[in-house]
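Working notes for the structure below.
Read-outs: derived from the displayed coordinates by stated rules, not from any lab. No experiment lies behind these values; they were computed from the predicted model shown. Glycine gets a Cβ as well: all are built from the backbone with ideal geometry, and neighbour counts include every protein chain shown.
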Amino acid sequence: MIIVQKYGGTSVADAKRINHVAKRIAGVYNSGKKIVVVLSAQGSVTDRLLQKAHEINPSASKRELDMLLSTGEQQSVALMAMALQRMGLPAISLNAVQIGLESSGQYGNARIKRIHTTRILEELSKDNIVLIAGFQGVNSIGDITTLGRGASDTTAVALAAVLEAELCEICTDVDGVYTADPRVVPTAKKLNTISYDEMLEMSCQVLHNRAAEMAKRHNVKLIIRSSMTEEPGTEIREACKVEDLYVSGVAIDRDVAQISVLGIKNQPGAAYKIFALLADKKISVDVILQNPGMEAITDISFTVAKQDRDEALEVLKASQDQIGYKAITNNDSLAKLSIVGAGMTTAHGVASGMFEALYENNINIIMISTSEIKITVLVDDHNAEKAKQVVHDKFIV
Ligand code: ASP
Ligand code: MG
């Protein structure tokens, strides 16, 4: 059986840490397992490369950026191979071209299409430790692409899926997934398990979103753990009732701007017109709310990422006659607070618990939306931290 491990940038930031990680890899290898290791670029190397590119050409082409950025991961795997070889262990570093990790064409944010396993299996059968550069792929014309910031996690999960690995371990600088960011919410607790869906809804910093998606689709056993300790970490798996918690996480997102389109004629096609205009501009919309309205007049409010606000306002204003509305307002000093939990589907009183915690602390709710395993409210940005803490403590004690 094969084990896939992924080590993030902080875990391989300098020679000392590379040697430490090499010892961990050696431990797995010496226990008789076949091991494939995916690495990220060291520390802030990717950011520094971006910075360098910017100094030379602020509008550098995406193709050349990918050529540059993909070198960070290549440095890491080569250095790790050297560290392992120095310990007397057989190790080989490989990049996306060498293994045949095929991606879609789009530079900067390509998707993995296919991974050939021949070379990897060949190296494993020669008892090599196989080190693979994360974050990169090769598109149909043979160019290097990158898979989106933070995507080494996704490389690791994709490899675990095609190699039918027994386990994919994401080894990082935190010891697992918490109910909230422990730096912000001191009462946050570490979870032993969490479901794929919850992980996706929390869109949590610890794991690249597409990695959770892919793990779910291919049923990869995924563990997030610290690269510094032997603690077991958090296991991500199919829905399970998580440790008797209805709510397994509280998340905040400050990158929201709310737009309200007021005084719309309440007739078929109004919402379609608004959202088709936004879709045309590739603006993604999140929370949407429509009032029942009085006298055939209605209001529609929705949220977009802050960077999309101006463009959204522009297209809507330009189409005022076509849509038929009276006014537009917007607000970008808001935060989106969500509680996530697979246990919510069968529980009752979760929404009221959340609203009660906010009411008790005099925090006003601006918009509400729900999905099967998530409740989201919009609150004033200046209330965000407090709201997160009180809602967290309402459910997680
Ligand atoms: N080095 C890349 C980044 O910083 C990929 C990764 O770390 O997963 O985004
Ligand atoms: Mg990461």
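I'm trying to understand the selection: among the residues of region 192-227, which are on the phi > 0 side of the Ramachandran plot and within 16 Å of ligand 1 (Cβ to nearest atom)?
Quick first cut of region 192-227, residues on the phi > 0 side of the Ramachandran plot only: 203, 219.
The one that is on the phi > 0 side of the Ramachandran plot and within 16 Å of ligand 1 (Cβ to nearest atom): S203.
Please go through region 28-46 and pick out each residue that is farther than 18 Å from L147 by Cα and in contact (Cβ under 8 Å) with a residue 40 or more places away in the chain.
Matches in region 28-46: Y29, K34, I35, V36.
Kindly list the number of the only condition in (1) among the polar types (S, T, N, Q); (2) surrounded by fewer than 17 Cβ atoms within 10 Å (Cβ to Cβ); (3) within 16 Å of the chain's Cα centre (by Cα) that fails for T154.
For T154, the failing item is (2).
Quick one: which helices (runs of 4 or more DSSP H) lie wholly within region 305-397 and hold at least 1 residues that are in contact with a Gly (Cβ under 9 Å, 6 or more places away or on another chain) and within 22 Å of V256 (Cα to Cα)? Before the answer, list the steps.
On the way: elements: 309-318, 320-323, 350-360, 384-395.
Fully inside region 305-397 and qualifying: 384-395.
Scan region 162-173 and tell me whether some residue there is without any contact (Cβ under 8 Å) to a residue 60 or more places away in the chain and outside any loop (DSSP other than H, G, I, E, B).
There is at least one residue in region 162-173 that is without any contact (Cβ under 8 Å) to a residue 60 or more places away in the chain and outside any loop (DSSP other than H, G, I, E, B).
Being part of a strand (DSSP E or B) and either of a type in the set (G, A, S) or surrounded by fewer than 16 Cβ atoms within 10 Å (Cβ to Cβ) (or both) is the filter here, so list the residues in region 291-304 that pass it. Write out each step before concluding.
Just the residues of region 291-304 that are part of a strand (DSSP E or B), to begin with: 294, 297-304.
Listed by number, the residues that qualify are M294, I297, S301.
Restricting to region 140-151, count the residues that are more than 13 Å from ligand 1 (Cβ to nearest atom) and crowded, with 19+ Cβ neighbours inside 10 Å. If you could, list the steps in order and put the result at the bottom.
If we filter region 140-151 for residues that are more than 13 Å from ligand 1 (Cβ to nearest atom), which is where we start, we get 140-144.
Applying the additional criterion that residues be crowded, with 19+ Cβ neighbours inside 10 Å yields 144.
Residues that pass the stated criteria total 1.
For L65, indicate whether it is within 13 Å of ligand 1 (Cβ to nearest atom) and touching a residue at least 24 places away in the same chain (Cβ under 8 Å). Steps first, answer last, please.
Numbers: within 13 Å of ligand 1 (Cβ to nearest atom): yes; touching a residue at least 24 places away in the same chain (Cβ under 8 Å): yes.
For L65, the condition - within 13 Å of ligand 1 (Cβ to nearest atom) and touching a residue at least 24 places away in the same chain (Cβ under 8 Å) - is met.
Determine whether A180 is away from ligand 2 (no atom under 16 Å from the Cβ), surrounded by 15 or more Cβ atoms within 10 Å (Cβ to Cβ) and either on the phi < 0 side of the Ramachandran plot or over 15 Å from the mean Cα position of the chain (by Cα) (or both). Spell out the reasoning first.
Numbers: away from ligand 2 (no atom under 16 Å from the Cβ): yes; surrounded by 15 or more Cβ atoms within 10 Å (Cβ to Cβ): yes; either on the phi < 0 side of the Ramachandran plot or over 15 Å from the mean Cα position of the chain (by Cα) (or both): yes.
Criteria met by A180.
Quick check: is even one residue across region 267-290 over 20 Å from L313 (Cα atoms), surrounded by 15 or more Cβ atoms within 10 Å (Cβ to Cβ) and in contact (Cβ under 8 Å) with a residue 24 or more places away in the chain? Walk me through it before giving the result.
In the first step, residues of region 267-290 are kept if they are over 20 Å from L313 (Cα atoms); the result is 267-268.
In the following step, the residues that additionally are surrounded by 15 or more Cβ atoms within 10 Å (Cβ to Cβ) were identified as none.
No, because not a single residue in region 267-290 is over 20 Å from L313 (Cα atoms), surrounded by 15 or more Cβ atoms within 10 Å (Cβ to Cβ) and in contact (Cβ under 8 Å) with a residue 24 or more places away in the chain.
Looking at region 206-219, is at least one residue over 13 Å from the mean Cα position of the chain (by Cα), buried (at least 23 other Cβ atoms within 10 Å of the Cβ) and farther than 27 Å from N19 by Cβ?
Our first condition is that a residue be over 13 Å from the mean Cα position of the chain (by Cα); within region 206-219, this holds for 216-219.
Checking the rest, the ones that are also buried (at least 23 other Cβ atoms within 10 Å of the Cβ) come to none.
Within region 206-219 (the criterion being over 13 Å from the mean Cα position of the chain (by Cα), buried (at least 23 other Cβ atoms within 10 Å of the Cβ) and farther than 27 Å from N19 by Cβ), the answer is no, since none of the residues qualifies.
Filter region 97-112 down to the residues that are more than 19 Å from K34 (Cβ to Cβ) and in a helix (DSSP H, G or I) and list them by number.
Across region 97-112, the qualifying residue is only V97.
Within region 113-148, track down each residue that is assigned to a strand (DSSP E or B), touching a residue at least 60 places away in the same chain (Cβ under 8 Å) and not small (G, A, S).
Passing the criteria: I129, V130, L131, I132, Q136, I144, T145, T146.
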